[in-house]
Amino acid sequence: MADRLIQIFLMMGPSSIQREVARICEADDELHLLGVASSAQEALTQEADVILVDSELEGEDTISLIQRLTQSPGTTVIATAGHSDIDWLREATLAGARGFLLRPFSETEFVSTVRQIHRLATRGEAELALRGRILTVFSPKGGVGKTTIAINLAVALASEKGKEVVLVDGDLQYGDVDVALNIHARRTIADLLPHSEQLDVELVESVLASHSSGIKALLAPSRSDVIGDIQSNHLEKIFLKLQEMFDYVVVDDQTLLDDRTKALLDRSDKILLVTVPDMLTLRHTRRFLEWAESRGYPPSQLLLILNRAEVQAGVKAGDIEGYLNYRIGLSILNDAPAVIHSLNRGVPLVISHRKSLVAKSILQLAELVVEEPAIRQAARDKFRFYREQGYPLQDH
């Protein structure tokens, strides 16, 4: 039984969907269905954690309803609709819905979506106040230069921005951060597993490998037989400790979207989604973006990075944005000789080939990463000022 049930209230149209949700909640030990509301006021008086609002709700302006519901502290709205109501779902998301479900949905889809969106919406104040930010470099397809970007971003944040940075090899089975950085270390993340419930700074420091650039590295296990013992809850505790110790936790994540990866992406402050200009990779990227949207990830949590941009015969950036329906946040030009030379020597590009186009792009990425929190804080301060002064917020 879960420590605390997720209280769910429905504002849904089709009775068949209501019955299906009731059945799913009854079978799940973490979800509890409070009932079905006929008005926003009734829903808010129930103090539900999650309210599901359907596009076919009769007698209500559903978009205005979602706006009213999301103004209540602690209330998370998930929109539900049929496949023909995609435009309505976009409006619902803009109105404040944290995610959506397309009817008909499976039991697995429903449970996973509700749990993860609720978790994202209710991250505790203590967790939000942690020192460090988690930057996860991810791609749903291998061979896109993910490791090169993760390593060089970590080094750039440390050497150029003066930040304390730890690089985590999140590819537990095939990780090669140690080779790419020419690090020889006897201890890995596997050495923290027996102590995940009682981690302290000294223990974690003893496991981290040091690099001449100033970053620390938490390496993947050297033996594949221990990988099955690493669970999501173990990793969560390790990352919490790393966030206490460092300004930035940069993760070179695996391409497999398993439970461990999903848990890491959920708690990441920024997902740096790497793609390249070929149709196979772009297809995988589009599927991931659709999954991330259904998971309730806000656009601000993702940054799309186009690596090897303008490669000969590659898909053009404008066509890529049209295909993905997503804006490219940063383009990194192709420079294969510099990248290969850097990896073979075990010296990061931002050190060995500082004047290369690739290194300059990654230095620009480090700049974006550091500036973003300050920009977002300024926006929050501006919003707070206008609210306190009684100005109409939609005009600012």
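For segment 191-220, enumerate the residues that are open to solvent by 30 Å² or more (accessible area, probe 1.4 Å) and aliphatic (A, V, I, L, M). Spell out how you get there, then give the answer.
Going through segment 191-220, the residues open to solvent by 30 Å² or more (accessible area, probe 1.4 Å) turn out to be 191, 194-195, 197-198, 200-203, 205-206, 210, 212, 214, 216.
Correct list: Val201, Leu203.
Mind counting the residues in segment 331-352 that are under 20 Å from Lys161 (Cβ atoms) and open to solvent by 50 Å² or more (accessible area, probe 1.4 Å)?
Result for segment 331-352: 1.
List the residue pairs whose Cβ atoms are under 7 Å apart, where the first residue sits in segment 294-322 and is open to solvent by 20 Å² or more (accessible area, probe 1.4 Å), the second is at pLDDT 90 or above and basic (Lys, Arg), and the two are 6 or more positions apart or on different chains.
Leu303/Lys270; Glu321/Arg327
Would you tally the residues in segment 86-108 being of a type in the set (D, E, K, R) and in contact (Cβ under 8 Å) with a residue 24 or more places away in the chain?
To start, the set of residues in segment 86-108 that are of a type in the set (D, E, K, R) comprises 87, 90-91, 98, 103, 107.
Now restrict to residues that are in contact (Cβ under 8 Å) with a residue 24 or more places away in the chain: 91, 98, 103, 107.
Final tally of qualifying residues: 4.
Pick out the one residue from Ile24, Ile63 that is of a type in the set (Val, Ile, Thr), closer than 17 Å to Thr108 by Cα, out of contact with any Lys or Arg (no Cβ under 7 Å at 6 or more places or on another chain) and open to solvent by less than 40 Å² (accessible area, probe 1.4 Å). Spell out the reasoning first.
On the way: Ile63 fails: closer than 17 Å to Thr108 by Cα.
Result of the check over Ile24, Ile63: Ile24.
Kindly indicate whether Leu157 is modelled with pLDDT of 90 or more and open to solvent by 20 Å² or more (accessible area, probe 1.4 Å).
Numbers: modelled with pLDDT of 90 or more: yes; open to solvent by 20 Å² or more (accessible area, probe 1.4 Å): no.
Answer is no for this residue.
Go through segment 127-230 and tell me which helices (runs of 4 or more DSSP H), entirely inside it, have 3 or more residues that are more than 27 Å from Asp278 (Cβ to Cβ) and within 23 Å of the chain's Cα centre (by Cα).
Working: elements: 146-159, 177-180, 201-207.
Once the helices (runs of 4 or more DSSP H) in segment 127-230 are filtered for at least 3 residues that are more than 27 Å from Asp278 (Cβ to Cβ) and within 23 Å of the chain's Cα centre (by Cα), what remains is 146-159.
Filter segment 19-54 down to residues that are of a type in the set (Ser, Thr, Tyr) and either touching a strand residue (DSSP E or B) at 6+ places or on another chain (Cβ under 9 Å) or over 16 Å from Gly74 (Cβ atoms) (or both), then give me how many there are. Outline the logic, then answer.
Just the residues of segment 19-54 that are of a type in the set (Ser, Thr, Tyr), to begin with: 38-39, 45.
When the remaining residues are screened for being either touching a strand residue (DSSP E or B) at 6+ places or on another chain (Cβ under 9 Å) or over 16 Å from Gly74 (Cβ atoms) (or both), the result is 38-39.
Selection size over segment 19-54: 2.
The values are calculated or read from the model by the stated rules, or taken from the named source; none is laboratory data. What you are looking at is a predicted structure, and each value in this text was computed from that prediction instead of being measured. With ideal geometry, Cβ positions are generated from the backbone for all residues, glycine too; neighbour counts draw on all protein chains shown. Accessible surface areas use protein heavy atoms only, side chains included; no ligands, DNA or RNA. Shrake-Rupley method; radii C 1.70, N 1.55, O 1.52, S 1.80 Å.
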